[in-house]
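Enquirer: A single structure is presented below for examination.
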Amino acid sequence: MMVTDAHASPHKIEWQLGRVQAVVAETDRVKSIILEPMSWLGHWPGQHVDIRLTADDGYQAERSYSIASPPEDKLLTITVERVKEGEVSPYLLDELRVGDHLEFRGPIGRYFVWTRSLRGPICLIAGGAGITPLMSMLRHRERSLDRIPAYLIYSARSLPDVIYRDELDGMADRDKGLRLVYALTREQPRDWPGHRGRVDETLLANNCFPREQNPTFYVCGPTGFVEGISSMLVTMGYEPLSIKTERFGPSGG
């Protein structure tokens, strides 16, 4: 299912309720929440939704979360990372139960999106929870019979911090057109054969499509990570307009 023309209209996106169908632990600090929307016209991979919580005294808190599910799914998946002393993430991770309802609106965002109609190749670069919108793209890509070539470079603190690890490994094992590279910045297994430390120009040069193939880059993660990766890609000669970014920073969680 793809986004219909309704999402291109200037009308305000209304708040609605979604029923929680499942809560899935991804890591010690991250869970995916699967919602059944009351009304959903579809989305593009890379878009997000706003979540709103309302306390008994009327106080409200809103946060934005990227959509992790592909547009082909009828259910909507968001992935939430715990923010220390946050207002919203502790409730979503600790209190929310199957059968509860969440207030949300969306989809939101038209710049950081990719669908198979845009072709490729694509190079996805994620830092931490920045994998979430890129996962929507990869899940969408996997549903296609004509899969475009794709690389994913995923920077995480350690292997246990890799979100969707089993699913990502399975995708890469089944699909020769997908190259998956982990960069572990803080802890690595003793026999770790992969990259140790932060993403650098050498890692990018060895795991990105050459300039003559005109790849499109999707970079998502903390602000410093995104800015650093974007600067390196420009220095390496990639066209700045081919580098799409989505960043996040402290927001109260």
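The values are calculated or read from the model by the stated rules, or taken from the named source; none is laboratory data. Keep in mind that this is a model prediction, so the values were computed, not measured. In this analysis, Cβ positions are derived from the backbone assuming ideal geometry, glycine residues included, and neighbour counts consider all displayed protein chains.
Enquirer: For the range 202-231, give me the residue count where each residue is crowded, with 19+ Cβ neighbours inside 10 Å, of a type in the set (A, V, I, L, M, F, W, C) and farther than 15 Å from Leu134 by Cα.
Expert: 6
Enquirer: Have a look at Val83, Val88 and point out the one that is over 28 Å from Glu142 (Cβ atoms), in contact (Cβ under 8 Å) with a residue 12 or more places away in the chain and touching a Ser or Thr at 6+ places or on another chain (Cβ under 7 Å). Working first, answer last.
Expert: Numbers: Val88 fails: touching a Ser or Thr at 6+ places or on another chain (Cβ under 7 Å).
Going through Val83, Val88 in turn, just one is over 28 Å from Glu142 (Cβ atoms), in contact (Cβ under 8 Å) with a residue 12 or more places away in the chain and touching a Ser or Thr at 6+ places or on another chain (Cβ under 7 Å): Val83.
Enquirer: All but one of (1) out of contact with any Pro (no Cβ under 7 Å at 6 or more places or on another chain); (2) in a helix (DSSP H, G or I) hold for Gly237; state the number of the condition that does not hold.
Expert: Tallying (1) out of contact with any Pro (no Cβ under 7 Å at 6 or more places or on another chain); (2) in a helix (DSSP H, G or I), Gly237 fails exactly one: (2).
Enquirer: When the range 143-166 is examined, which residues are found to be outside any loop (DSSP other than H, G, I, E, B) and without any contact (Cβ under 8 Å) to a residue 12 or more places away in the chain?
Expert: Arg165, Asp166 - these are the residues of the range 143-166 that are outside any loop (DSSP other than H, G, I, E, B) and without any contact (Cβ under 8 Å) to a residue 12 or more places away in the chain.
Here is a yes/no grid of residues against (1) farther than 30 Å from Thr115 by Cβ; (2) out of contact with any helix residue (DSSP H, G or I) (no Cβ under 6 Å at 6 or more places or on another chain); (3) surrounded by fewer than 16 Cβ atoms within 10 Å (Cβ to Cβ); (4) in the same structural domain as Asp161 (by TED's automatic domain parsing):
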position	(1), (2), (3), (4)
Gln60	yes, yes, yes, no
Pro70	no, no, no, no
Thr79	no, no, no, no
Gly86	yes, yes, no, no
Ser89	no, yes, no, no
Asp94	yes, yes, yes, no
Arg97	yes, yes, yes, no
Glu103	no, yes, yes, no
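Enquirer: Okay, moving on. Does Arg179 satisfy the condition of being more than 16 Å from the chain's Cα centre (by Cα), surrounded by fewer than 21 Cβ atoms within 10 Å (Cβ to Cβ) and in a strand (DSSP E or B)?
Expert: So Arg179 passes the test.
Enquirer: If you take just the strands (runs of 3 or more DSSP E) that sit entirely in the range 15-125, which of them hold at least 1 residues that are within 23 Å of Glu246 (Cα to Cα) and modelled with pLDDT of 95 or more?
Expert: Working: elements: 16-25, 30-37, 48-54, 60-66, 76-81, 101-108.
Correct list: 30-37, 48-54, 60-66, 76-81, 101-108.
Enquirer: Quick check on my filter: what residues within the range 40-73 are in contact with a Pro (Cβ under 8 Å, 6 or more places away or on another chain) and under 23 Å from Cys123 (Cα atoms)?
Expert: His43, Trp44, Pro45, Gly46, Gln47, His48, Ser66, Ile67, Ala68, Pro70, Pro71
Enquirer: Here's another thing I want to ask about it. Could you list, in sequence order, all residues of the range 167-177 that are touching a residue at least 24 places away in the same chain (Cβ under 8 Å) and more than 25 Å from Lys31 (Cα to Cα)?
Expert: Asp175, Gly177
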